[in-house]
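**Q** I'd like to ask you about the structure that follows.
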Amino acid sequence: RASVYAAKQLGACCVGLELDDALIEEAKSRAAREGVAGQCEFRSEDITQQAWAGVGRWSAVFVHILPEGIAPLEGALLALDCPVVCASYGLTSVKPDAAGLGWEIFNLPELIPGVGDRAELLFA
């Protein structure tokens with residue numbers, strides 16, 4: 001749902017990683033229904049293998065993983081050098097740059113004065 005929301009509301013191009021093939025098909029169907037299938041790619045990938053990791057690959061990352069799953073990924077997530085948005089469970093090794101009820105953002109660059117941060121669109 002987060003990928004489809006970001007594509008529809010923010011015009012983002014999104015890649016969703018999931019192990020469950022049924023959830024991948026559900027996400028593809030939702031993206032098609034919402035008219036953003038061309039902006040969303042969903043693929044089967046074990047995030048613990050960290051094939052997704054690498055500086056400059058992403059403009060932002062949205063993470064919704066249980067604490068025991070996110071802990072071993074913290075170093076790789078912070079090394080991406082892009083904003084990391086965590087829903088429900090955040091990173092424990094660093095303080096978030098921004099936070100609200102149920103979300104935290106890490107690696108957030110300084111905001112440009114007068115531009116706004118658009119975080120309200122992520123969590124409306």
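**Q** Which condition does residue 58 not pass, out of (1) crowded, with 16+ Cβ neighbours inside 10 Å; (2) in a loop (DSSP other than H, G, I, E, B); (3) in contact with a strand residue (DSSP E or B) (Cβ under 7 Å, 6 or more places away or on another chain), if it passes all the others?
**A** Exception for residue 58: condition (3).
**Q** Here's another thing I want to ask about it. From the set of residues in segment 68-84 that are outside any loop (DSSP other than H, G, I, E, B) and in contact with a strand residue (DSSP E or B) (Cβ under 6 Å, 6 or more places away or on another chain), which is surrounded by the most Cβ atoms within 10 Å (Cβ to Cβ)?
**A** 84
**Q** In segment 12-44, which residue that is more than 17 Å from residue 64 (Cβ to Cβ) and within 14 Å of the chain's Cα centre (by Cα) is most open to solvent (accessible area, probe 1.4 Å)?
**A** Once the filter is applied, the top-ranked residue is 13.
**Q** Give the number of residues within segment 20-45 that are farther than 23 Å from residue 59 by Cα and part of a loop (DSSP other than H, G, I, E, B).
**A** Of the residues in segment 20-45, 1 are farther than 23 Å from residue 59 by Cα and part of a loop (DSSP other than H, G, I, E, B).
**Q** Here's another thing I want to ask about it. Within segment 1-11, how many residues are open to solvent by 90 Å² or more (accessible area, probe 1.4 Å) and part of a helix (DSSP H, G or I)?
**A** Residues in segment 1-11 being open to solvent by 90 Å² or more (accessible area, probe 1.4 Å) and part of a helix (DSSP H, G or I): 2 in total.
**Q** Further question on the same structure: Considering only segment 107-123, I want to know if a residue exists there that is under 21 Å from residue 5 (Cβ atoms), acidic (Asp, Glu), modelled with pLDDT under 90 and outside any loop (DSSP other than H, G, I, E, B).
**A** yes
**Q** Scan segment 85-102 residue by residue and report those that are within 13 Å of residue 61 (Cβ to Cβ) and part of a strand (DSSP E or B).
**A** Result: 85, 86, 87.
**Q** While we're looking at this one, here's another question. Count, please, the residues in segment 46-55 that happen to be surrounded by 14 or more Cβ atoms within 10 Å (Cβ to Cβ) and assigned to a loop (DSSP other than H, G, I, E, B).
**A** The total comes to 3.
The values are calculated or read from the model by the stated rules, or taken from the named source; none is laboratory data. Note that the structure is a prediction, hence the values are computed from the model and not measured. No Cβ is skipped: glycine too gets one built from the backbone with ideal geometry, and neighbour counts run over all protein chains shown. Areas reflect the complete protein model, heavy atoms only, side chains present, ligands, DNA and RNA absent. Shrake-Rupley method; radii C 1.70, N 1.55, O 1.52, S 1.80 Å.
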